[in-house]
1. So which residues in segment A:116-164 are touching a Leu at 6+ places or on another chain (Cβ under 9 Å), of a type in the set (Ser, Thr, Tyr) and either within 14 Å of another protein chain (Cβ to nearest Cβ) or surrounded by fewer than 18 Cβ atoms within 10 Å (Cβ to Cβ) (or both), if there are any at all?
2. Looking at (1) part of a helix (DSSP H, G or I); (2) within 14 Å of chain A (Cβ to nearest Cβ), which is the one condition that is false for B:GLU133?
3. Which of the helices (runs of 4 or more DSSP H) found entirely inside segment B:1-100 contain at least 2 residues meeting this: under 21 Å from B:VAL118 (Cβ atoms)?
4. Which is of a type in the set (S, T, N, Q), surrounded by fewer than 20 Cβ atoms within 10 Å (Cβ to Cβ) and either in contact (Cβ under 8 Å) with a residue 12 or more places away in the chain or in contact with a Lys or Arg (Cβ under 8 Å, 6 or more places away or on another chain) (or both), of B:THR196, B:THR216, B:THR189?
5. Please determine, by comparing only the residues of segment A:106-115 that are touching a residue at least 12 places away in the same chain (Cβ under 8 Å) and of a type in the set (S, T, N, Q), which one is nearest to the other protein chains (Cβ to nearest Cβ).
6. Tell me whether segment B:132-140 contains one or more residues that are buried (at least 20 other Cβ atoms within 10 Å of the Cβ), free of Cβ contacts under 8 Å to residues at least 40 places away in the same chain and on the phi < 0 side of the Ramachandran plot.
7. Go through A:GLU42, A:GLU21, A:GLU35 for me and flag whichever is surrounded by 13 or more Cβ atoms within 10 Å (Cβ to Cβ), acidic (Asp, Glu) and not assigned by TED's automatic domain parsing to the domain that holds A:GLY103.
8. Give the number of residues within segment A:11-52 that are in contact (Cβ under 8 Å) with a residue 60 or more places away in the chain, touching a Ser or Thr at 6+ places or on another chain (Cβ under 7 Å) and within 14 Å of another protein chain (Cβ to nearest Cβ).
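The values are calculated or read from the model by the stated rules, or taken from the named source; none is laboratory data. Keep in mind it's a predicted model, so treat the numbers as computed, not measured. Cβ placement follows ideal geometry from the backbone for every residue including glycine, while neighbour counts extend to all protein chains displayed.
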Amino acid sequence: MSIESSISKIYEWLQQVTDPEVPVLTILDLGIVREVELNGDEVTIVITPTYSGCPAMDVIGINIRMALMSRGFKKVNIEQQLSPAWTTDWMSEEGKRKLKEYGIAPPVRKTSDNPLGLFEDDNIPCPRCSSEHTQLVSRFGPTSCKSLYKCLDCKEPFEHFKCH
Amino acid sequence: MNQLTYTLQIADNALILGHRISEWCGHGPILEQDIAITNTSLDHLGQARSLYQHAADMFNALPAEEKKTLFVSAALQAKIAKDEKIDEDDLAYLRDGWDFRNVLLTEQPNKDWGYTVVRSFFYDAYNFYFYTELQKSKDTVLAAIAEKSLKEVTYHLRWSSEWMIRLGDGTAESKARMQEAVNHNWAYTGELFEMTTADKEMLAAGMGVDLNAIKTQWQKRVDAVLEEATLSIPANAWMHSGGKEGRHSEHLGYILTELQFMQRAYPDMEW
């Protein structure tokens, strides 16, 4: 197998590693895999953290290692790279679609758009009924990457994957 | 060596403030704000981890003789004597109070939500301009950590600014208590801009931040938010000092007692 086809194979396997906190998203959907280097039966995966203190990063590293070792790699190195800093702009369209289906409203803006002023918040459509008649409950949610909203039409609470 | 001390100054601020605000976990005034402040605490802790990893790498590369001169902690000296490499956990859990370089502001008690918000606001505003400048550091690891952290600090500052305004321009009771918290915490803000030897050397080497320059920006932001919050800066200009040189208030010892308990009581334990 040539190096190129092996690397594309590795990407296929990485597409099966999911975020432990948001299991509907793979690490490729999230855009946190920065590089894959192959050297014989040794492979190096460079990942970038979503948030500095994200506890899922260590688990993701372990899951990548397990996924690749079970495919015969003797040595799997996981390296973390901080710059350029991860942004939700790197999330795939497929990822955003899967989030919405899962009931989490995906990011609605590019990070390069005008930053929000004090007391300003994004208007987030409800992932269930698509109503824009929604209300922010808390800018912070059960994980760093999410905020909490409620829909004033279908009355369901929902999480929003913040633009970051 | 200045590079190591400088990195520890930044890391210790992040760890100690992160620990302080984590004390709100389970005690927030409402659930949503309990989650907000705990999320923020996690950001600080994550930033501290990256910084301590960088510091540990620099420490491990030092000659053996120099390693012995850096920390007073007996637990750390024992590791050094055995020629063991140290990591980010050793720096967080095995140094004593004198080894910590955080500013006194970060170790001040939470007291109440108002004191907590004011302390965070003064620090977040500083941290925002500090990391903005540190992104240009010739130390590429510090620059990368700054770039990453700045995104988080930006919403920390938004959060604490809003609470300053909400409570300052709130009821008579909330305003009076916020003014009291401003008056108390103000005396700890001068130290943020004090240039230690490490600060000066790092600035000269193109790796550090000119704290005098960011003080002007900080002051402008603080004035604007305080004005909207209908709060004022106290007339008394006397400032506390010492944390950046390892001389701390009595509060740090209590923080370390709790923060370091497991590693001190059960060395090298893991879970």
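1. A:SER131, A:SER138, A:SER144, A:SER147, A:TYR149
2. Condition (2) is where B:GLU133 drops out.
3. Numbers: elements: B:2-22, B:31-60, B:64-67, B:74-81, B:88-93.
Passing ranges, in order: B:2-22, B:31-60.
4. Details: B:THR216 fails: either in contact (Cβ under 8 Å) with a residue 12 or more places away in the chain or in contact with a Lys or Arg (Cβ under 8 Å, 6 or more places away or on another chain) (or both); B:THR189 fails: surrounded by fewer than 20 Cβ atoms within 10 Å (Cβ to Cβ).
Sole residue among the options that is of a type in the set (S, T, N, Q), surrounded by fewer than 20 Cβ atoms within 10 Å (Cβ to Cβ) and either in contact (Cβ under 8 Å) with a residue 12 or more places away in the chain or in contact with a Lys or Arg (Cβ under 8 Å, 6 or more places away or on another chain) (or both): B:THR196.
5. If we take residues in segment A:106-115 being touching a residue at least 12 places away in the same chain (Cβ under 8 Å) and of a type in the set (S, T, N, Q), then A:THR111 is nearest to the other protein chains (Cβ to nearest Cβ).
6. Residues of segment B:132-140 that are buried (at least 20 other Cβ atoms within 10 Å of the Cβ), as a first pass: B:134, B:137, B:139.
Retained after the next criterion (residues that are free of Cβ contacts under 8 Å to residues at least 40 places away in the same chain): none.
Checked against the condition, which is being buried (at least 20 other Cβ atoms within 10 Å of the Cβ), free of Cβ contacts under 8 Å to residues at least 40 places away in the same chain and on the phi < 0 side of the Ramachandran plot, segment B:132-140 yields no hits at all.
7. On the way: A:GLU42 fails: surrounded by 13 or more Cβ atoms within 10 Å (Cβ to Cβ); A:GLU35 fails: surrounded by 13 or more Cβ atoms within 10 Å (Cβ to Cβ).
The conditions single out A:GLU21.
8. 2
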